[in-house]
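Notes for the one structure printed next.
Any read-out appearing in this document is the output of simple, stated calculations on the displayed coordinates, not a laboratory observation. Note that the coordinates shown come from a computational prediction; the quantities given were computed from them, not determined experimentally. Note: ideal-geometry Cβ built from the backbone for every residue, glycine included; neighbour counts use all protein chains shown.
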Amino acid sequence: MPGASPLPTHADVVAAAARLEGVAVRTPLLRSDTLDALTRGQVWLKAECLQRTGSFKFRGAYNRLAQLAPGTPVVAYSSGNHAQGVALAARLLGLTATIVMPADAPALKVDRTRAYGAEVVQYDRAREDREAIGATLAAERGAVLVPPFDDRHVIAGQGTAGLEAREQLAAMGRVANVALVCCGGGGLSSGIALGLGAPVVTVEPEGYDDVTRSLAAGRIERIPAFPPTLADALQTAAPSPLTFAILSAHGARGVTVSEAAIADAVRFAFTELKLVVEPGGAVALAALLAGAVEAKGRVVVVTLSGGNVDAAVFGRLIGEPAPRAR
């Protein structure tokens, strides 16, 4: 498209990794005997819930902001994880940040965003357009708008999680056969497609299957409504032209998981893996546990993309035993 941002490449991911060296956490690639026995595969969990700010979003935010001129103010919009990533990256780089967040965002995410030094502007998710609000604020303040996934530098930053996983597997003499990636607008999944070099399966909550629909149709599709979901981090209406183009070029496909499966995955991560994973960060694990993707005899990378969940919600979700069989 005329004027569209060029697609990021594997080289952009490598360059992003150099910027993030010593700043982002090189998160562990974990395995579980229980999970391997359940799936009859070799499952490797990329634990981005242990990343700075509690999610992979810090990677893309820092990579984007690190390329701005000193003193440049930034505006972003986010339900919470990108908000925290931008807020911390801005603080580290000495920039001011304003974040547009839905009024129903988890209190933990709002509080942490403010604690990192950003100004939070709240809006009504059902009635207002966050992109329009962000664009207006950026114009008024002479700021750079940093979207959560529709930006080549953000995507390249997220892709460093996949590049790390590739290197970690190579050190053990393994190569991934497939990656299951938690998906909202497609920033992480498209970045991992660039960085990991393995087929990608995007995973979305039921009712927010815009990427799944788009990949199946061969064109960008929007969801018609915004139903309630545990996965607050994944409530996007459509992939961006950038993320859709990357995922399509790499032959990605999508699957969806139920709310019950998401809750099961959060409980499994806590009881079996000893990890706190938020619902949106657990959907890829949910797809694996539900058998949505065949793992038998394969090396499977699964993203645990975030761990920012309110204590009350987490306590309710882990109140039942974790699943032990599909």
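If you average 1/r over every pair of different alpha-carbon atoms in region 125-235 and take one over that average, what Kirkwood value in Å do you get? Roughly 15.8 Å, rounded to one decimal. Given R0 = 30 Å, the distance between the Cβ atoms of Ala217 and Arg298 translates into a calculated FRET efficiency of 0.65.
Here's how it looks for Leu45: its modeled amide H is under 5 Å from those of Leu30, Arg31, Val302, which are all 5 or more places away or on a different chain. Counting 0.36 nm for each residue step from Val23 to Val121 and taking away their Cα separation leaves a gain of 32.6 nm.
So what's the back-of-envelope 222 nm ellipticity for the chain, counting only DSSP H runs of four-plus at -39500 (n - 2.57) apiece and dividing by all residues, rounded to 500? Let's see the in-between values first.
Working: 13 runs with 135 residues, N = 326.
Theoretical 222 nm ellipticity from helices: -12500 deg cm²/dmol.
Using every pair of distinct Cα positions in region 57-145, the Kirkwood expression returns a hydrodynamic radius of 12.6 angstrom.
Taking the chain as a Gaussian network, where each spring joins two C-alpha atoms under 10 Å apart, which residue of Ala287, Ala165, Ala176 fluctuates the most? Maximum fluctuation in the GNM of the chain, among the listed residues, is at Ala176.
So for region 57-145, taking the charge dipole from beta-carbon charges (+1 Lys/Arg, -1 Asp/Glu), which of Ala139, Ala115, Thr98 sits furthest toward the positive end? Farthest towards the positive pole: Ala115.
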